[in-house]
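Here's the structure, in structure tokens; my notes come after.
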Amino acid sequence: MKPDLLFHVISKRKWRESNNEGFFRIIEEGKNQPIECVESESLNEYMNENFKGRKNLLVIVIVTSRIVNRIETKSKNGIKYFDVADGINVDAILDKIRIDCNEDGLFDLDVQQK
């Protein structure tokens, strides 16, 4: 079962580069890359593992039911990932939240869904 919301983390600069034609896409070497997302329960661990010490990041909040492309599930290092193939349509993006790490270079987010 897919969660209601998914989260993707990206630098503010890459966010601006990745939006075009109604989709958020990550293109590397001329090819669309899957967009790696996590559930709220894994967000802190994911950010601390992949973005430790980083500032000027955006947490993209995505409504799963609005995604038009295929979503595949995988697990890596105990974290459940949701890869969205071929980009995320912008109407599936609920919010963008700017975030910086704390003084220790870590993230401590408390995401609660109702």
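Just so you know, all these numbers are worked out from the coordinates, no wet-lab data involved. Here the structure is a predicted model, which means the values were calculated and not measured. No Cβ is skipped: glycine too gets one built from the backbone with ideal geometry, and neighbour counts run over all protein chains shown.
Below, the figures for the structure above:
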item	result
When residues of the stretch 74-90 are limited to those that are part of a strand (DSSP E or B) and among the aliphatic types (A, V, I, L, M), the one nearest to residue 46 (Cα to Cα)	79
Residue selected from the stretch 3-13 under the condition within 13 Å of residue 98 (Cα to Cα) and surrounded by fewer than 16 Cβ atoms within 10 Å (Cβ to Cβ), by the criterion farthest from the chain's Cα centre (by Cα)	13
Test: residue 99 is aliphatic (A, V, I, L, M), surrounded by 13 or more Cβ atoms within 10 Å (Cβ to Cβ) and farther than 27 Å from residue 1 by Cβ	yes
The stretch 55-73, residues that are assigned to a helix (DSSP H, G or I) and either surrounded by fewer than 16 Cβ atoms within 10 Å (Cβ to Cβ) or of a type in the set (A, V, I, L, M, F, W, C) (or both)	65, 66
Residue list for the stretch 1-49, filter: assigned to a loop (DSSP other than H, G, I, E, B) and either in contact with a Pro (Cβ under 6 Å, 6 or more places away or on another chain) or aromatic (Phe, Trp, Tyr) (or both)	39
Answer residue from the stretch 102-114, given it is touching a helix residue (DSSP H, G or I) at 6+ places or on another chain (Cβ under 8 Å) and surrounded by 11 or more Cβ atoms within 10 Å (Cβ to Cβ) and is nearest to residue 41 (Cα to Cα) among those	111
Residue 98 vs. criteria among the basic types (Lys, Arg) and part of a strand (DSSP E or B)	yes
Candidates 97, 27, 79, 10 - the one that is among the hydrophobic types (A, V, I, L, M, F, W, C), out of contact with any strand residue (DSSP E or B) (no Cβ under 6 Å at 6 or more places or on another chain) and closer than 22 Å to residue 110 by Cβ	79
